[in-house]
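K.L.:
This is the structure I want to talk about, given as structure tokens.
The values are calculated or read from the model by the stated rules, or taken from the named source; none is laboratory data. Predicted model, so just to flag it, every value in this text is computed and none were measured. Backbone-built Cβ (ideal geometry, glycine too); neighbour counts: all protein chains shown.
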Amino acid sequence: MSGSDEQLQVRVAWLYHMEDLTQGEIAARLGLTRLRVNRLLSECRQSGLVRVHIASRLESCVALENLLVREFGLAEAVIVPTPADGEKVPGLLGMAAADYLSRYLARTEVSVFGVGWGATLHETIRRLPPADLPTLWVTAMMGGLTQGLELNTFETAGELARRLNAQCAYLAAPIYAGSRASRDTLVALDVFAEAFERIRAVDLALLSLGDLSPRSLLVRHGLPGDVTVKQLRAAGAVGDVLGQFLDASGRPIDHPINERVIGLPSAGLAAVRNVVLAAGGRNKTAVIAAALRGGIPKVLVTDEDTAKAALSLAR
């Protein structure tokens, strides 16, 4: 079987099993007959290409992974095909990130696993195979929302700890203090000393990135009332990591909001042994490019179209 035939099989299998398209929809998408699609799916099963998961990778995704690793000094990149339905991006990235983390935890001793928040991380943890790591600490790396939301840092850290049978620590504070002075006062309290000591000891971090569109959970639910997206854009922001807004070069913008964050400063991520960023969708292209320029991730998990666009922008 030629490489092009195998790639067509992989593409058809992905659309059918991962994106839940019908055979008719796949035929229309790829310019094939329904009979051809049916035969390709049958060949996938007979050859062992499709078992529980797709047992091959799209060459275009692998090529992108290698390119990102070379150009930005990543330890690894994980690229999945971009679904036609953008709402499926977090779920697909969650599966890919969960697979990477499962493999990493199986071969690497980790003392403190730090986690952020967001839809992609929620999907990652939901798909992470259960493990038994009772000596591992899981900690939130930033404060949380003051309103209940299943994607909040508290729920995210707690669910991750349950999946791994690990110990759990929260940063029982809001994402933002009212001012830099109040932030410094809060952080200096004895009750937070142990929490920040553990956050500084994180050796594996699972984070996502936020953009400045209305789709951003932080924009919708977390920004203080005295800070607007317009102000952040005017200061050069393209998005955030751990609640800290970055410019196109991946550096924190010069804006008081970054001095009010209760969490690990973004500069502190350089000391973390492995920072896994899982984020995708074209709305996050600019902030992913910024993170790459700023050298933030050791591992990037994203989708194919976003990776191409971010790579072009980062260059």
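K.L.:
Consider the stretch 165-187. How many of its residues are surrounded by 14 or more Cβ atoms within 10 Å (Cβ to Cβ) and at positive phi?
P.N.:
0
K.L.:
Kindly indicate which of Val78, Val37, Val69 is without any contact (Cβ under 8 Å) to a residue 40 or more places away in the chain and closer than 24 Å to Gly281 by Cα.
P.N.:
Testing whether each residue is without any contact (Cβ under 8 Å) to a residue 40 or more places away in the chain and closer than 24 Å to Gly281 by Cα leaves just Val69.
K.L.:
Of the conditions (1) at pLDDT 90 or above; (2) part of a helix (DSSP H, G or I); (3) surrounded by 18 or more Cβ atoms within 10 Å (Cβ to Cβ), Cys44 clears all except one; give me its number.
P.N.:
The one condition Cys44 does not meet is (1).
K.L.:
Follow-up question, since we're still on this one. Select from the stretch 1-22 the residues that are surrounded by 14 or more Cβ atoms within 10 Å (Cβ to Cβ) and either modelled with pLDDT of 95 or more or under 21 Å from Pro90 (Cβ atoms) (or both) and list them in ascending order.
P.N.:
Trp14, Leu15, Tyr16, His17, Met18, Glu19, Leu21
K.L.:
Let me ask something else. If Arg70 passes every condition in (1) touching a Ser or Thr at 6+ places or on another chain (Cβ under 8 Å); (2) exposed (fewer than 15 other Cβ atoms within 10 Å of the Cβ) but one, which one does it miss?
P.N.:
(1)
K.L.:
Let me ask something additional. Are any residues in the stretch 152-171 of a type outside the set (Phe, Trp, Tyr) and free of Cβ contacts under 8 Å to residues at least 40 places away in the same chain, and if so, which ones?
P.N.:
Once the filter is applied, which keeps residues that are of a type outside the set (Phe, Trp, Tyr) and free of Cβ contacts under 8 Å to residues at least 40 places away in the same chain, the stretch 152-171 yields Asn152, Thr153, Glu155, Gly158, Glu159, Ala161, Arg162, Arg163, Asn165, Gln167, Cys168, Ala169.
K.L.:
Okay, moving on. Only residues that are within 34 Å of the chain's Cα centre (by Cα), under 16 Å from Gln7 (Cα atoms) and assigned to a helix (DSSP H, G or I): list them for the stretch 24-37, please.
P.N.:
The answer is Ile26, Ala27, Arg29, Leu30, Val37.
K.L.:
Here is a follow-up. Please find, among Leu133, Leu92, Leu105, the residue that is assigned to a loop (DSSP other than H, G, I, E, B) and in contact (Cβ under 8 Å) with a residue 12 or more places away in the chain.
P.N.:
Just one listed residue meets the conditions, Leu133.
Each row is one residue, and each column tells you yes or no for (1) under 16 Å from Thr302 (Cβ atoms); (2) of a type outside the set (S, T, N, Q); (3) buried (at least 22 other Cβ atoms within 10 Å of the Cβ).
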{"site": "Leu93", "(1), (2), (3)": "yes, yes, yes"}
{"site": "Tyr104", "(1), (2), (3)": "no, yes, no"}
{"site": "Arg107", "(1), (2), (3)": "no, yes, no"}
{"site": "Trp117", "(1), (2), (3)": "no, yes, yes"}
{"site": "Thr120", "(1), (2), (3)": "yes, no, yes"}
{"site": "Asp132", "(1), (2), (3)": "no, yes, no"}
{"site": "Val138", "(1), (2), (3)": "no, yes, yes"}
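K.L.:
For the stretch 47-73, which positions are among the hydrophobic types (A, V, I, L, M, F, W, C), in a loop (DSSP other than H, G, I, E, B) and touching an Asp or Glu at 6+ places or on another chain (Cβ under 9 Å)?
P.N.:
Leu49, Leu58
K.L.:
From Thr82, Thr139, Thr120, which residue is closer than 23 Å to Gly210 by Cβ, under 15 Å from the mean Cα position of the chain (by Cα) and outside any loop (DSSP other than H, G, I, E, B)?
P.N.:
Unique residue meeting the criteria: Thr120.
K.L.:
I'm trying to understand the selection: among the residues of the stretch 180-210, which are hydroxyl-bearing (Ser, Thr, Tyr) and modelled with pLDDT of 95 or more?
P.N.:
Passing the criteria: only Ser208.
K.L.:
Now a separate question. Which residue pairs have Cβ atoms closer than 8 Å, lie 6 or more positions apart in sequence or on different chains, and pair a first residue in the stretch 12-34 that is under 23 Å from Arg57 (Cβ atoms) with a second residue that is assigned to a loop (DSSP other than H, G, I, E, B) and charged (D, E, K, R)?
P.N.:
Sorted first by the residue in the stretch 12-34, then by its partner, the pairs are Glu19/Asp85.
K.L.:
Would you please list the contacts, defined by Cβ atoms under 9 Å and residues six or more apart or on different chains, that run from a residue in the stretch 177-192 that is closer than 20 Å to Ala140 by Cα to a residue that is basic (Lys, Arg) and surrounded by 14 or more Cβ atoms within 10 Å (Cβ to Cβ)?
P.N.:
Within 9 Å, the pairs are Ala177/Arg183; Ala177/Arg260; Arg183/Arg260.
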